[in-house]
1. Sort the following peptides by mean Cβ neighbour count (other Cβ atoms within 10 Å, averaged over residues), highest first: 554-566, 248-260.
2. How large is the charge dipole for the range 366-513, taken about the Cα centre, if only the Cβ atoms of Lys, Arg (+1) and Asp, Glu (-1) carry charge, to the nearest 20 debye?
3. Return the loop-located trypsin sites (Lys or Arg not before Pro) in the range 260-367 (DSSP other than H, G, I, E, B) with at most 13 other Cβ atoms within 10 Å of their own Cβ; answer none if there are none.
4. So for the pair Asp672, Asp201, with labels modelled 7 Å out along Cα→Cβ, what separation do we get in nm?
5. Rounded to the nearest 20 debye, what is the charge dipole size of the range 495-687 about its Cα centre when +1 sits on each Lys and Arg Cβ and -1 on each Asp and Glu Cβ?
6. Just subtract the alpha-carbon distance of Gln568 and Ala395 from 0.36 nm times their residue separation and send over the number in nm, one decimal.
7. Could you tell me which residue out of Ala402, Trp304, Ala326 lies farthest along the dipole of the range 264-413 toward its positive end? Charges go on the beta carbon: Lys and Arg +1, Asp and Glu -1, centred on the Cα centre.
8. Would you be so kind as to identify which of Ala189, Ala215, Cys203 lies farthest towards the positive end of the dipole of the range 185-225, taking Lys and Arg as +1 and Asp and Glu as -1 on Cβ and the Cα centre as origin?
Amino acid sequence: MGRHSIPDPEDSSEAGRGAGDERPDAPHADQYPEYDEYDADDSDYDESEYDDADYDDADYDDGYDDPEHGVAGADPGDHGGGYPRLEDGEATTTKFATTPGAPNRRDWESSEWTGSHRAITPKRRGISVGVIVALVTVVVVVGAVIAWRFFGDALSQRSQAGAARCVAGEVDVAVVVDPSIADQITPLADEFGQSAAPIGDKCVKVGVKAADSDAVVDGFSGSWPGDLGQQPALWIPASSISEARVEAAAGQKTVSDSRSLVTSPVMLAVRPQLKSALGQRSWGALPGLQANPTALDGLDLPGWGSLKLALPLTGDGDATYLAAEAVASAAAPQGQPPTAGSSAIATLRAAQPKLADDKSSTAMDAMLDADDPATADVHAVVATEQQIFQRGSQADAKDKLAAWLPSGPTAVADYPTVLLSGTWLSQEQISAASEFARFLRKPEALADLAAAGFRADGTTPPKSDVTDFGSLPAALSVGDGGVRATLANLVSAPAQNPAATVLLDQSMTTDEGGKSRLANVTAALTARLQALPPTSAVGLWTFDGVAGRSEVPMGPLADQIGGTPRSQVLTTNLNGQVASNGGAVSFTTLRLMYPEAVANFREGQPNSILVITAGPHTDQSLDGPGLQDFIKQTFNQARPVAVNVVDFGADPDRSTWEAVAQTTGGEYQNLDSSAGPELTAALTAALG
């Protein structure tokens, strides 16, 4: 290949770049002056092979001013800058710019070396579709691998974190709820379990069990029944009246916190015709309508007879207990506590319809399924607004069912979240139960409860054809837990027909709750006596430090004593009792009266003596062992008279009283105070 000729293709392909020369083939003329010119006559290529349309000559100047390389058009022999002189006879070539002089001028990197006077731009070559598909496939596969590793690591880390947070296992939280709200609390408990933070490195697992308040109260009063599962950390009864009953049975320390979750007023589920007839009557009118065999006939409902109001105790959402409070409060004389109206509760219950069981559903069916509402076994059922709403959601319910709200203060089921405290609970369970109670008060949870017919702050009630969820009068206020427990016991444990004599210690002067112990006891006794049937036989003895005496002889409460019913004589006497110091002759008084009780034994009734004392016995003529021997000798299996004892505080005579109660088949109960609801429960158990 000549110095000024274009390399042959063979040279380019076989020798490679720069072969046979220390200088590269790249056309940097400023570095290699010998490449600035060549003999065009030696060129072997044909310019016709290149389409002029592929480039524009305008893009290239014939020459350019460059002080380093000389000036275009100058004497070829004048090379300036040390260029060697060409031999005569050789034509000079046009110089190529190594750097574009204009924006459109191409350099060697962007053009193709042709060996001619110009660098040309090659035709744009297409990209194979197969290459594109291959590239896209590679990108997708690589992206998928990266994503898989990223999310796989994230999920792995999350699983590890989830496992790490439950390193100590699970904490089981037992929750017992009223059946009327169980369907709503159960899914909320599942939701809480999925989102709850761990308690002491333990995941929270909430188990919900539905149970009526009677079963829960009985469980706290004795042994917890196995069919209710674990003893709960949280209890949601239908109303705080059930909470008062538990505190009366198990002590106030059993409850650590209690707050209303949702509410539902107590109403009467009635036939639409009866709602119009009842009008604006109050709770106080119900006992009379129930007992009077022609009461509804007088309300323009001929052939209906009496009210026939059912008071269910199972599945009723505490409606019957709350209605009893409203009835007793309305019936009590002005200025008297609700317990003074206890007889109205007894009247209402005694005249209620006789059904197969005490379920709310049974009573509702008896009322709604009857072809003739006038002759139906049930005209009305005590129920909560929420229960009426649920029953009213059935087809054609509005033609058979209506909700009637008695005038006056409203009895309200307040559904408290009752946090419990006891040796059966761990701190983790207590904490988890508290967190769940807070969770239930979130707006989302309250909205779910409202949709089921409960009233909750900040929510919108559902539409209903049978109840309008209207505004309510002020809620009924009954009093302390002791009063509420007393009234509830009149409903849950209907009074028997006892034959009992009360032996009352007058020396109980200790102040408890702002009153003497004796004053608290006489008030509770009065309330219980008012709940007893009129055929019950009751008498009263008292003792102090000097002697024991008979105040009112035992006999039926309805019998007259000097023209006054025995029940009234007993009430007056109890209200007049005054506490005194000086000792107590309890042993000798019991020895005096027990033979008389055996002699006057009343067949067909549970006979007993109720001793209420705080001790100690101060008569030295008879000690504890002497009294025990006397009772053993006098007790008659054919005419059994049980001795029940309610004893306060640290009585040194406790062992004697326990032995006497056991010998006669009675019950001994020791109370710390007379100011709490425990006294009411004790008297209810002792007198029946």
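1. On the way: 554-566: 14.4, 248-260: 16.8.
The densest-packed peptide leads the list: 248-260, 554-566.
2. Numbers: 9 positive and 19 negative charges, 58 e Å.
I would put it at about 280 debye.
3. Numbers: sites: Lys275, Arg281, Lys308, Arg349, Lys354, Lys359; in loops: Arg281, Lys308, Lys354.
Listed in order of number, the matching sites are Lys354.
4. 3.6
5. Numbers: 10 positive and 18 negative charges, 105 e Å.
Using only the charged Cβ atoms, the result is roughly 500 debye.
6. Details: separation 173, 0.36 × 173 = 62.28 nm, distance 5.25 nm.
Here the answer is 57.0 nm.
7. So the residue furthest toward the plus end is Ala326.
8. Cys203
The numbers here are math on the coordinates, done by the rules we state, and not lab data. This one's a predicted model, so the numbers in the text were calculated from it and none came from an experiment. With ideal geometry, Cβ positions are generated from the backbone for all residues, glycine too; neighbour counts draw on all protein chains shown.
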